[in-house]
Amino acid sequence: VASKLILVSTLTLSAGGLVAYSESESDIGCPGGVVDQNENRKKRVVVLGTGWAGTSFLKDLDSSKYDVQVVSPRNYFAFTPLLPSVTCGTVEARSIVEPIRKIIKKRNGEVQFFEAECVKIDASNKKIMCRSNIDNNLVGNDEFSLEYDYLVIAIGSQVNTFNTPGVIENCHFLKEVEDAQKIRRSVIDCFEKTILPGLSEEERRANLHFVVVGGGPTGVEFSAELHDFLEEDLYKLYPGVKDLVKITVIQSGDHILNTFDERISSFAEMKFARDGIHVQTGCRVVSVSDKEITMKVKSTGETCSVPHGLVVWSTGIGTRPVVRDFMEQIGQGKRRILATDEWLRVKGCENVYAIGDCATIDQRKIMEDIAAIFEAADEDKSGFLTVGELRAVLDDIIIRYPQFDLYLKSKHLADVTDLLKDSEGNERKEVDIEGFGLVLSHVDSQMKSLPATAQVAAQQGSYLSRCFNRRDHFEKNPEGPRRFKGSGHHVFRPFQYKHFGQFAPLGGEQAAAELPGDWVSMGHSTQWLWYSVYASKQVSWRTRVLVVSDWTRKFIFGRDSSGI
Ligand code: FAD
């Protein structure tokens with residue numbers, strides 16, 4: 001079981017499926033090999049970002065075939081799933097980061113890295129503009145541009161504040177390593193502030209009211225970590241203020257962890273209730289000041305304000321300005337998030353790929369294609385297919401869009417089976433296409449966008465690097481080993497996401513896990529599974545040893561509560 005539990009997909013994880021290129025768009029998919037015939041030079045691949053997607057791409061890319069340049073404002077990879085542990089000192093910040101130069105040095109070809117931020121993508125001139133963000137840049141050349149043959153955008157996302165007034169100024173976020181370090185210092189400061197002389201009880205309570213906005217996995221994990229930090233370490237050092245402390249989780253939906261199985265969601269709510277973590281559901285935050293947080297109760301429309309000492313904002317993700325500007329240039333301005341096709345190519349733009357949190361695969365065309373497959377199969381236009389015909393249609397869909405296989409098998413198999421059988425359980429001779437269309441539209445709504453997780457980002461990076469590695473091979477064998485039935489455009493498989501499940505650590509050495517096939521596990525043993533999976537998924541032996549020794553140190557000596 002443990003070996004299958006690759007919840008946070010690794011940088012070494014194989015995404016499965018073959019490499020994909022389009023016959024009809026051969027210039028995009030398989031553009032004349034890796035060497036530019038005119039200039040007799042290697043083609044240049046510019047990669048933006050050194051997060052899960054970018055690093056996974058770089059790690060697997062055969063860089064001897066390309067001139068590879070990487071641009072990112074941070075020169076390290078951060079293992080984000082352990083950021084909540086950094087906020088309370090369970091794990092040290094340095095234990096979860098690995099210098100990007102170490103990761104890319106292993107490649108047989110040279111990879112150049114520039115610590116800078118891409119500020120503009122000029123798709124028509126195949127150029128990007130960058131700015132170095134290193135302080136005291138004495139050389140003065142802090143702006144530069146790079147030309148590319150292929151661009152891989154992997155710059156992740158930014159925090160989404162929903163334009164709520166006061167959030168940027170008064171809330172903490174939990175996206176970067178620096179954010180986690182800042183939260184750690186602020187929590188200790190709240191305690192130190194509270195025991196200063198001359199404060200009223202009301203002020204002390206306010207200082208020790210920790211508010212978490214967002215009841216998703218990050219908000220829940222942070223609340224659980226904070227609760228453990230207080231119970232296991234801080235109450236021993238600040239015993240006089242224990243009764244004044246409160247943790248509140250504000251969630252706009254009806255339940256916390258609402259993307260998880262219901263059993264996990266209610267287990268988490270019960271555990272939080274037992275631990276004294278106050279969960280306020282059905283509330284939307286309307287503003288945050290340095291002293292108060294104001295929210296609206298969705299059912300009654302009433303607003304109320306509560307004083308706070310620290311607010312952590314964790315409500316989802318938004319598009320970075322540089323990507324937004326790029327979307328305007330390529331006619332995607334009306335979309336919320338950058339769209340790619342299933343081959344991860346940015347729509348409306350040649351030789352640009354986007355992977356990870358900054359993009360989403362546009363599913364609309366897939367559903368149109370599927371509707372066309374059904375229409376073609378229903379030769380007599382009766383609205384019915386024989387069971388044999390339906391099975392052939394399903395096979396066809398799954399070959400073209402393997403991601404349906406997972407969903408049909410895991411979530412909708414019962415619905416499909418129901419359609420294939422009559423009320424007495426006998427197999428039908430014919431199946432109503434409309435009924436089947438309903439099942440597919442359910443599947444479609446679930447597939448609309450892949451979750452913004454490390455698991456997806458790493459699989460996309462790995463998939464895309466294999467596409468790049470085999471470009472020359474496909475140049476020599478344009479027909480490829482696998483052709484879809486009929487005259488489908490694509491010779492090879494599109495990106496196929498494999499979901500390995502997800503974890504939710506809930507504090508008190510307990511965790512919940514949701515695995516494919518509706519398998520749910522909760523409690524202390526799941527926490528040990530979490531430890532083993534997260535240790536095994538570290539990007540290097542160095543970070544693995546550091547993380548495990550941090551956990552051991554915490555068990556023996558507790559967490560460090562000095563405010564540095
Ligand atoms: P990122 O990893 O965010 O990387 C983006 C990269 O782009 C960074 O290197 C950044 O410096 C760089 N960049 C930013 N702007 C620019 C620019 N202008 N130019 C060039 N480079 C730029 N997922 C899971 O699967 N499991 C988990 O348990 C989990 N836990 C999480 C816990 C927390 C606290 C957080 C914040 C996220 C968690 N995630 C988890 C989600 C996961 O971290 C993201 O889905 C993943 O990081 C997305 O990878 P990415 O490469 O798209 O973006």
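Per-residue answers, yes or no, for (1) within 16 Å of the ligand (Cβ to nearest atom); (2) part of a loop (DSSP other than H, G, I, E, B); (3) at pLDDT 95 or above:
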| residue | (1), (2), (3) |
| --- | --- |
| Lys102 | yes, no, no |
| Asn108 | no, yes, no |
| Val119 | yes, no, yes |
| Ile128 | yes, no, yes |
| Leu146 | yes, no, yes |
| Gly156 | yes, yes, yes |
| Glu178 | yes, no, yes |
| Val211 | no, no, yes |
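On the basis of being within 8 Å of the ligand (Cβ to nearest atom), of a type in the set (Asp, Glu) and buried (at least 18 other Cβ atoms within 10 Å of the Cβ), does Glu98 make the cut?
Numbers: within 8 Å of the ligand (Cβ to nearest atom): no; of a type in the set (Asp, Glu): yes; buried (at least 18 other Cβ atoms within 10 Å of the Cβ): yes.
No: the conditions fail for Glu98.
When only residues in the stretch 314-344 that are in a strand (DSSP E or B) and open to solvent by less than 10 Å² (accessible area, probe 1.4 Å) count, which is farthest from the ligand (Cβ to nearest atom)? Spell out the reasoning first.
Going through the stretch 314-344, the residues in a strand (DSSP E or B) turn out to be 317-318, 338-340.
Next, from what is left, pick out any that are open to solvent by less than 10 Å² (accessible area, probe 1.4 Å): 338-340.
Numbers: Leu338: 11, Ala339: 15, Thr340: 13 Å.
Looking at the filtered set, the residue picked out is Ala339.
Among the candidates Leu390, Leu344, which residue alone is at pLDDT 80 or above and not hydroxyl-bearing (Ser, Thr, Tyr)?
Details: Leu390 fails: at pLDDT 80 or above.
One residue alone meets the criteria, Leu344.
Taking the stretch 532-543, which residues are of a type outside the set (S, T, N, Q), surrounded by 19 or more Cβ atoms within 10 Å (Cβ to Cβ) and in a helix (DSSP H, G or I)?
Quick first cut of the stretch 532-543, residues of a type outside the set (S, T, N, Q) only: 533-535, 537, 539, 541-542.
This time we only want the ones that are surrounded by 19 or more Cβ atoms within 10 Å (Cβ to Cβ), so: 533-534, 537, 539.
Answer for the stretch 532-543, where residues must be of a type outside the set (S, T, N, Q), surrounded by 19 or more Cβ atoms within 10 Å (Cβ to Cβ) and in a helix (DSSP H, G or I): Val533, Tyr534.
Which members of the stretch 44-80 meet the condition of being within 14 Å of the ligand (Cβ to nearest atom), in a strand (DSSP E or B) and under 24 Å from Arg471 (Cα atoms)?
Residues satisfying the conditions are Val46, Val47, Leu48, Gln69, Val70, Val71.
Report yes if some residue within the stretch 21-31 is open to solvent by less than 50 Å² (accessible area, probe 1.4 Å), modelled with pLDDT of 60 or more and closer than 18 Å to Arg466 by Cα; otherwise report no.
Taking the stretch 21-31 and keeping what is open to solvent by less than 50 Å² (accessible area, probe 1.4 Å), we get 21-22, 28-31.
Of the ones still in play, those that are also modelled with pLDDT of 60 or more are none.
Within the stretch 21-31, not a single residue is open to solvent by less than 50 Å² (accessible area, probe 1.4 Å), modelled with pLDDT of 60 or more and closer than 18 Å to Arg466 by Cα.
Can Phe384 be described as over 23 Å from Lys498 (Cβ atoms) and either of a type in the set (Phe, Trp, Tyr) or modelled with pLDDT under 70 (or both)?
Details: over 23 Å from Lys498 (Cβ atoms): yes; either of a type in the set (Phe, Trp, Tyr) or modelled with pLDDT under 70 (or both): yes.
The answer is yes for Phe384.
State yes or no: is Asp189 open to solvent by 20 Å² or more (accessible area, probe 1.4 Å), farther than 30 Å from Cys467 by Cβ and within 16 Å of the ligand (Cβ to nearest atom)?
Answer is no for this residue.
Name the pairs whose Cβ atoms lie under 7 Å apart, with the first residue in the stretch 115-128 and touching a residue at least 60 places away in the same chain (Cβ under 8 Å) and at positive phi, the second more than 14 Å from the ligand (Cβ to nearest atom) and not in a loop (DSSP other than H, G, I, E, B), and 6 or more positions between them or separate chains?
Between residues of the stretch 115-128 that are touching a residue at least 60 places away in the same chain (Cβ under 8 Å) and at positive phi and residues that are more than 14 Å from the ligand (Cβ to nearest atom) and not in a loop (DSSP other than H, G, I, E, B), the close pairs are Lys126/Glu147.
Would you please list the contacts, defined by Cβ atoms under 6 Å and residues six or more apart or on different chains, that run from a residue in the stretch 167-178 that is over 10 Å from Leu83 (Cα atoms) and open to solvent by less than 20 Å² (accessible area, probe 1.4 Å) to a residue that is among the polar types (S, T, N, Q) and more than 10 Å from the ligand (Cβ to nearest atom)?
Val167/Thr161
Anything in the stretch 346-357 that is within 19 Å of Asn125 (Cβ to Cβ) and more than 11 Å from the ligand (Cβ to nearest atom)? List them, or say none.
Going residue by residue through the stretch 346-357, those that are within 19 Å of Asn125 (Cβ to Cβ) are 346, 348-354.
Residues satisfying the conditions are Val346, Gly348, Cys349, Glu350, Asn351, Val352, Tyr353.
Identify all residues within the stretch 130-140 that are open to solvent by less than 60 Å² (accessible area, probe 1.4 Å) and at pLDDT below 80; write none if there are none. Give the steps one after another, and end with the answer.
Looking only at the stretch 130-140, we keep the residues that are open to solvent by less than 60 Å² (accessible area, probe 1.4 Å), and these are 130, 132, 137, 140.
Within the stretch 130-140, Asn137, Gly140 qualify.
Identify all residues within the stretch 514-531 that are open to solvent by 60 Å² or more (accessible area, probe 1.4 Å), touching a residue at least 60 places away in the same chain (Cβ under 8 Å) and not charged (D, E, K, R); write none if there are none. I'd like the intermediate steps shown before the answer.
The first filter runs over the stretch 514-531 and keeps only residues open to solvent by 60 Å² or more (accessible area, probe 1.4 Å), leaving 516, 518-519, 522, 524-525, 528.
Cutting the leftovers down to touching a residue at least 60 places away in the same chain (Cβ under 8 Å) gives us 516, 518, 522.
Scanning the stretch 514-531 gives Pro516, Met522.
For Leu257, state whether it is more than 16 Å from the ligand (Cβ to nearest atom), open to solvent by less than 80 Å² (accessible area, probe 1.4 Å) and either more than 28 Å from Ala513 (Cα to Cα) or under 22 Å from the mean Cα position of the chain (by Cα) (or both).
On the way: more than 16 Å from the ligand (Cβ to nearest atom): no; open to solvent by less than 80 Å² (accessible area, probe 1.4 Å): yes; either more than 28 Å from Ala513 (Cα to Cα) or under 22 Å from the mean Cα position of the chain (by Cα) (or both): yes.
No, not satisfied.
I'd like to verify a number: residues in the stretch 213-244 that are on the phi > 0 side of the Ramachandran plot and more than 16 Å from the ligand (Cβ to nearest atom), how many?
Step one: filter the stretch 213-244 for residues on the phi > 0 side of the Ramachandran plot, giving 214.
Add one more test, that the residue is more than 16 Å from the ligand (Cβ to nearest atom), and what stays is none.
Residues meeting the conditions: 0.
For the stretch 154-166, which positions are surrounded by fewer than 17 Cβ atoms within 10 Å (Cβ to Cβ) and closer than 30 Å to Val346 by Cα? Reasoning before the result, please.
As a first pass, look at the stretch 154-166 and keep what is surrounded by fewer than 17 Cβ atoms within 10 Å (Cβ to Cβ): 158, 160, 162-163, 165.
Of everything in the stretch 154-166, those that are surrounded by fewer than 17 Cβ atoms within 10 Å (Cβ to Cβ) and closer than 30 Å to Val346 by Cα turn out to be Gln158, Asn160, Phe162, Asn163.
The values are calculated or read from the model by the stated rules, or taken from the named source; none is laboratory data. Computed from a predicted structure; not experimentally measured. A quick note on method: Cβ atoms are made from the backbone with ideal geometry, for glycine too, and the neighbour counts reach across all protein chains shown. Accessible surface areas use protein heavy atoms only, side chains included; no ligands, DNA or RNA. Shrake-Rupley method; radii C 1.70, N 1.55, O 1.52, S 1.80 Å.
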